[in-house]
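Contents: one structure, followed by commentary.
The values are calculated or read from the model by the stated rules, or taken from the named source; none is laboratory data. Please read these numbers as outputs of a predicted model, since none were measured by experiment. Here the Cβ positions follow ideal geometry from the backbone for every residue, glycine too, while neighbour counts run over all protein chains shown. Calculation scope for accessible area: heavy atoms of the full protein, side chains included, ligands and nucleic acids excluded. Shrake-Rupley method; radii C 1.70, N 1.55, O 1.52, S 1.80 Å.
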Amino acid sequence: NAGVMQNPRHLVRRRGQEARLRCSPMKGHSHVYWYRQLPEEGLKFMVYLQKENIIDESGMPKERFSAEFPKEGPSILRIQQVVRGDSAAYFCASSPLGNTEAFFGQGTRLTVV
Amino acid sequence: DQQVKQNSPSLSVQEGRISILNCDYTNSMFDYFLWYKKYPAEGPTFLISISSIKDKNEDGRFTVFLNKSAKHLSLHIVPSQPGDSAVYFCAALYNQGGKLIFGQGTELSVKP
């Protein structure tokens, strides 16, 4: 059973470009979470999704950030018009219905130059 | 507002001895706590968890203790091994299956 798969592992974008981060949850997991880790900080919750639904987006910045988890395909975290402050490691986690233990992917390291 | 705090950024322990990592929280509504281990350039890996209705949970070399009145939990690793060297994150839930609230992490170094 493959783990949570994130791609790309590393992503470099110039200021003003768009970044798309992908996450395929573990097989059988219907809940996806996105977290961000800024340098020298812990992981901060961004958004919690189930298939085709956003359950909790209280950690998402109000502008430029969006997330989706379509019926088919991976979950996507999209950052429009990236700025240097968006440089961070972005982690996706998944869990099966009702399970408290979320399993994390390897992360995508976004660098904005 | 840091609801989950790990006040020690780093800890160094000799191989074979006990490692004790501490975590404090402020929200009494948290009902589930987890510890994750993280190596550089990798995602966090689940270690052990505890429900708020318990005060201890043990899994091999790892034991988590919960003191609800003090809003404090700790992770004990006995005996510590060099392969345990990593960053350890404490996390809390107040709606099972919902978002995790993480502490800042403690970097454990186990010296041979």
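For segment A:5-27, taking the residues that are under 24 Å from residue B:93 (Cβ atoms) and in contact with a Pro (Cβ under 6 Å, 6 or more places away or on another chain), the one that is farthest from the other protein chains (Cβ to nearest Cβ) is identified as A:24.
Could you tell me whether any residue of segment A:25-44 is β-branched (Val, Ile, Thr) and out of contact with any Cys (no Cβ under 7 Å at 6 or more places or on another chain)? Taking every residue of segment A:25-44 in turn, none turns out to be β-branched (Val, Ile, Thr) and out of contact with any Cys (no Cβ under 7 Å at 6 or more places or on another chain).
Residues that are touching a His at 6+ places or on another chain (Cβ under 9 Å) number at least 3 in the following strands (runs of 3 or more DSSP E) confined to segment A:1-54: A:43-50. The residues in segment A:29-59 that are more than 10 Å from every other protein chain (Cβ to nearest Cβ), free of Cβ contacts under 8 Å to residues at least 40 places away in the same chain and open to solvent by less than 20 Å² (accessible area, probe 1.4 Å) can be counted, and the count is 1. If you go through segment B:51-73 and keep only what is in a loop (DSSP other than H, G, I, E, B) and open to solvent by 50 Å² or more (accessible area, probe 1.4 Å), you end up with B:53, B:54, B:55, B:60, B:61, B:68, B:69, B:70, B:71. Within segment B:7-17, the set of residues being open to solvent by 80 Å² or more (accessible area, probe 1.4 Å) and not in a strand (DSSP E or B) comprises B:7, B:9, B:15, B:17.
Table: residues versus (1) under 18 Å from residue B:56 (Cα atoms); (2) buried (at least 21 other Cβ atoms within 10 Å of the Cβ); (3) touching a helix residue (DSSP H, G or I) at 6+ places or on another chain (Cβ under 9 Å); (4) of a type in the set (Ser, Thr, Tyr).
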{"position": "B:75", "(1), (2), (3), (4)": "yes, yes, no, no"}
{"position": "B:80", "(1), (2), (3), (4)": "no, yes, no, yes"}
{"position": "B:83", "(1), (2), (3), (4)": "no, no, no, no"}
{"position": "B:87", "(1), (2), (3), (4)": "no, no, no, no"}
{"position": "B:104", "(1), (2), (3), (4)": "no, no, no, no"}
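For segment B:21-45, a residue qualifies if it is surrounded by fewer than 16 Cβ atoms within 10 Å (Cβ to Cβ) and either part of a strand (DSSP E or B) or in contact with a helix residue (DSSP H, G or I) (Cβ under 7 Å, 6 or more places away or on another chain) (or both), and exactly one does: B:45.
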